[in-house]
Amino acid sequence: MQPGYPPQQPQQVDNNMTMSIVAIFLFWPLAIPAIINASKVNPLIQQGDYAGAQAAAAESKKWSKWALIAGLAWIAIIVVGCCLLGGLAGIAGNSGSN
């Protein structure tokens with residue numbers, strides 16, 4: 001360290017761990033790689049590998065987004081399916097009483 005220069009602060013990289021944990025409740029098969037990559041970010045920053053940390057954070061964000069999209073789509077399919085089945089059951093119940 002040279003005199004007159006303040007110590008360099010490590011760059012802050014968002015590891016996306018929160019989004020990865022939320023994603024595991026929606027669609028865990030895609031959230032697992034997100035959590036694995038998110039857990040790599042902080043050790044890479046401590047080693048000084050900022051490019052590697054940013055790459056791991058980007059991978060974590062990508063997998064988290066796909067898990068969120070897949071999970072929300074799956075929930076939408078289930079809700080629509082339940083509504084359709086409920087509507088069909090209601091129609092069948094009404095036609096039997098005539």
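Laboratory data are not the source of any read-out in this text; all were calculated from the coordinates shown. All values reported here derive from a predicted model rather than from experimental measurement. Glycine also receives a Cβ, built like all others from the backbone with ideal geometry; neighbour counts cover every protein chain displayed.
Some notes on this structure:
- Filter result (surrounded by 18 or more Cβ atoms within 10 Å (Cβ to Cβ) and closer than 10 Å to residue 30 by Cα) within region 61-75: 63, 64, 67, 68, 71
- Scanning region 39-55 for residues that are out of contact with any Pro (no Cβ under 9 Å at 6 or more places or on another chain) and in contact (Cβ under 8 Å) with a residue 40 or more places away in the chain returns a single hit, 54.
- Top-ranked residue in region 41-54 [being small (Gly, Ala, Ser) and farther than 14 Å from residue 17 by Cα; ranked as surrounded by the most Cβ atoms within 10 Å (Cβ to Cβ)]: 52
- Region 39-98, residues that are assigned to a helix (DSSP H, G or I) and on the phi > 0 side of the Ramachandran plot: none
- Selection count where residues are in a helix (DSSP H, G or I), farther than 12 Å from residue 60 by Cβ and over 8 Å from the mean Cα position of the chain (by Cα), scope region 17-38: 4
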